[in-house]
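The values are calculated or read from the model by the stated rules, or taken from the named source; none is laboratory data. Note that the structure is predicted; figures quoted are calculated from it, not measured. Neighbour counts are summed over all protein chains in view; Cβ atoms, including those assigned to glycine, are modelled from backbone coordinates with ideal geometry.
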């Protein structure tokens, strides 16, 4: 059976060049980067090369890159660290309703600690309005934390404009760039970014490695203690193989970005157009053009996401959904809810995220298999009656409003 | 995460559809929680002659719907009323803990359909 992996926003396979260098740092260059001896010095050299590779990708300085265990840790470090370091200046933080839980739950934690958080609403395409942001700014706002690309619907938020507003108001700006790092051009200076979180396993590096960019001179209280590594900001023995792999993956992503984005955009648009054309009563979620090249997120009415994923899996296709069953709670995706999409339609959402390993044949295969599966599930659905052409509009009863 | 039996009922659901001559219909769930189960009964002389279902929901919701129709087809309505959600889950070799409450409602839908039949014929 054909196997098609279309869940690259969840994770990516480690690319062979990266796996090769990672293996070398596991078995040969295995020293502790803090050790004085040659083994340690060789490991240190690998870490510092990676720091440069990552800094280059976002136009930062190497000493502004701090390695972490991943995007979640970097988000925690940036948000809690800024809050603690600036608590005498103010206690207000601005974020959006569509952030990843690594940001949302950290903000909720800070609310319990006495900070105040504004969760900005977004429009039907998950786009943020700059006037809404400006209005939310208070005298005691110490941090704006907003994602670059939404992980579910792929909408690209206007980071440069947000950065300009943050700078104008002298507020620190953190960007969760887990879904854009290595995929979209980022210039931390042009975009006025003070902090940025990135993750390795979204760009063909191993899991368990990420980093925080922290602009020189930015105050940040550490949230972990116990060593001088990463200049005391992130103590603990460095994950040298992961760091080295992350560095190489970042460099390669930068080199290939333009060409790969052209390719992915073409595949993405073919998939979106094909689904909307072949499946009646389907809709695209997220922005049509301000969209991550590899992201497709559609809602297929009258069916539920988990059963759709199971059916796709039986056909070898790996995807994800924002339905409650897959989000681990009783409510469907908070992102789709924030966009004003009603429960029934959100439960029928399907995310297909493309990457390096996908080909046009993969797109054709999905376009062949998906309509049949949707039809089969709709035939089972009490909300859908293809013969009588009766449709139950559960949405009309939906209490949610845009 | 699902047993082979659940996957069997999910991929080859028994008794899917509607009954034009149904004399009892029951529905539970709502679109908000992502599960709606609808059961159609054709009851003759207190015996469930035919039963069909339509379900909007996850794999467990579809499998339990299919299972419950298989369990009661040809049985008396008194026997059918004794079937619990738990018994349906057990007949499927169990469900993941998270699914026990949200998607395991097929027996409730069945009982509602029987209630509807009784109301129609009282």
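Conditions tested, residue by residue: (1) outside any loop (DSSP other than H, G, I, E, B); (2) within 23 Å of residue A:169 (Cβ to Cβ); (3) not assigned by TED's automatic domain parsing to the domain that holds residue A:314.
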position: A:48; (1), (2), (3): yes, no, yes
position: A:51; (1), (2), (3): yes, no, yes
position: A:55; (1), (2), (3): yes, no, yes
position: A:90; (1), (2), (3): no, yes, yes
position: A:93; (1), (2), (3): yes, yes, yes
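Among the residues of the stretch B:81-108, write down those that are crowded, with 24+ Cβ neighbours inside 10 Å and within 15 Å of residue B:51 (Cβ to Cβ).
Answer for the stretch B:81-108, where residues must be crowded, with 24+ Cβ neighbours inside 10 Å and within 15 Å of residue B:51 (Cβ to Cβ): B:88, B:106, B:107.
On the basis of being away from chain A (no Cβ under 14 Å) and under 21 Å from residue B:102 (Cβ atoms), does residue B:7 make the cut?
Spelling it out, it is not the case that residue B:7 is away from chain A (no Cβ under 14 Å) and under 21 Å from residue B:102 (Cβ atoms).
Taking residue A:296 and the conditions (1) buried (at least 24 other Cβ atoms within 10 Å of the Cβ); (2) within 14 Å of chain B (Cβ to nearest Cβ); (3) touching a residue at least 40 places away in the same chain (Cβ under 8 Å), which numbered condition does it fall short on, given that it satisfies the others?
Only one criterion in (1) buried (at least 24 other Cβ atoms within 10 Å of the Cβ); (2) within 14 Å of chain B (Cβ to nearest Cβ); (3) touching a residue at least 40 places away in the same chain (Cβ under 8 Å) is unmet by residue A:296, namely (2).
Tell me, which residue of the stretch A:1-37 that is loosely packed, with under 13 Cβ neighbours inside 10 Å and assigned to a loop (DSSP other than H, G, I, E, B) is modelled with the lowest pLDDT?
If we take residues in the stretch A:1-37 being loosely packed, with under 13 Cβ neighbours inside 10 Å and assigned to a loop (DSSP other than H, G, I, E, B), then A:1 is modelled with the lowest pLDDT.
Quick one: which of A:322, A:340 is surrounded by fewer than 21 Cβ atoms within 10 Å (Cβ to Cβ), more than 9 Å from every other protein chain (Cβ to nearest Cβ), touching a residue at least 24 places away in the same chain (Cβ under 8 Å) and not in a helix (DSSP H, G or I)?
Within the list A:322, A:340, the selection yields A:340.
Does residue A:309 fit the bill of being touching a strand residue (DSSP E or B) at 6+ places or on another chain (Cβ under 9 Å), within 14 Å of chain B (Cβ to nearest Cβ) and either modelled with pLDDT of 95 or more or in a loop (DSSP other than H, G, I, E, B) (or both)?
When the stated conditions are applied, residue A:309 passes them.
What about residue B:21, is it in contact (Cβ under 8 Å) with a residue 12 or more places away in the chain, in a loop (DSSP other than H, G, I, E, B), more than 12 Å from every other protein chain (Cβ to nearest Cβ) and touching a strand residue (DSSP E or B) at 6+ places or on another chain (Cβ under 8 Å)?
Judged against the criteria, residue B:21 is a match.
Out of all the residues in the stretch B:24-54, which are facing another protein chain (nearest Cβ under 8 Å), assigned to a strand (DSSP E or B) and over 12 Å from the mean Cα position of the chain (by Cα)?
Residues satisfying the conditions are B:30, B:35.
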